[in-house]
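Written below as structure tokens is the structure these notes are about.
We did not get these values from a lab; they are worked out from the coordinates using the rules stated. The shown structure was predicted, so the numbers you read here are calculated from the model rather than taken from an experiment. Positions of Cβ are generated from backbone atoms using ideal geometry, with glycine treated the same way; all protein chains shown enter the neighbour counts.
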């Protein structure tokens, strides 16, 4: 029996194609941070503007002394909000760009399983989001006094938040055909969910019905959990928030995996 030449033999990667997974993750992270003038400085400047407006508002209303802790309350939520926004933008924009450039077939031909593809996109988008979050955290020190109450909770909720938005970005990117779809989901879904999740205010001051509605929003648990990790105070039980985010992320991951396996809106 003749033996096929090495060039015709099938490559063996083992259980996981680690090289391919690392390459895809690095590609997605670098795409999200390549143009630093826009990808990093943009979120940093926007965050500084938010804090500057609140700082000036407190001073001009004469409440700077009594409400100075408001900036320390807003800063943690703003940091994780910016990180999540970048994760969504990176994941969704990558798919739409590849579709328009007609290079999606290159990804489908790569020796990667559906799980590896989802993990590669997810890992790269989360990494880009976390790096932007770190940059924003550094510059917020100009206005706020950042503290650390629980390092483990900080990493967990930062990762869960960026994963949540990256998975939404993957699903929207697979479904969308135009940049208009990206803008619509961001404007009419993600921004309202973020701004109505206690980003700039305490939900404890809301009517009881409104509090129940806010607690149905998974983004609320991201912001509240991250704020708890930095300040030690929160409006919800962090264990409840962790359970909600794990459940939602697992469901979104399963849906993204199913779409990749089917080639939904990916195969011509």
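When the Gaussian network model of the chain links Cα atoms closer than 10 Å, the mean-square fluctuations of 16, 132, 185 top out at 16.
Extension gain, residue 57 to residue 262: 0.36 nm times the residue separation minus the Cα-Cα distance gives 68.6 nm.
Between the alpha-carbon centers of the stretch 66-121 and the stretch 123-196, tell me the distance in whole angstrom. Cα centroid of the stretch 66-121 versus Cα centroid of the stretch 123-196: 7 Å apart. Calculation over all alpha carbon pairs of the chain in 5 angstrom steps from 0 returns a P(r) of 1, 6, 12, 16, 17, 15, 12, 8, 5, 3, 2, 1, 1, 1, 0, 0, 0, 0, 0 percent. Largest GNM mean-square fluctuation among 140, 231, 187, using the chain with Cα springs under 10 Å: 187.
Computed from Cα atoms, the angle from the helix 41-60 axis to the main principal axis of the chain rounds to 10 degrees. Looking only at the stretch 142-164, which residues have a backbone nitrogen under 14 Å from a spot 7 Å from the Cα of residue 246 in the C-beta direction? Those under the cut-off are 153, 156-157, 160. Between 0 and 90 degrees, the angle of helix 69-100 with respect to the longest Cα principal axis of the chain falls at about 20 degrees. For the stretch 103-167, the fraction of C-alpha pairs more than 18 angstrom apart is 53%. Over the C-alpha atoms of the stretch 107-233, the Rg to Rh ratio, Rh being the Kirkwood estimate, stands at 1.02. Considering only 202, 102, 227, the mean-square fluctuation computed in a Gaussian network model of the chain, springs between alpha carbons under 10 angstrom, is largest for 102.
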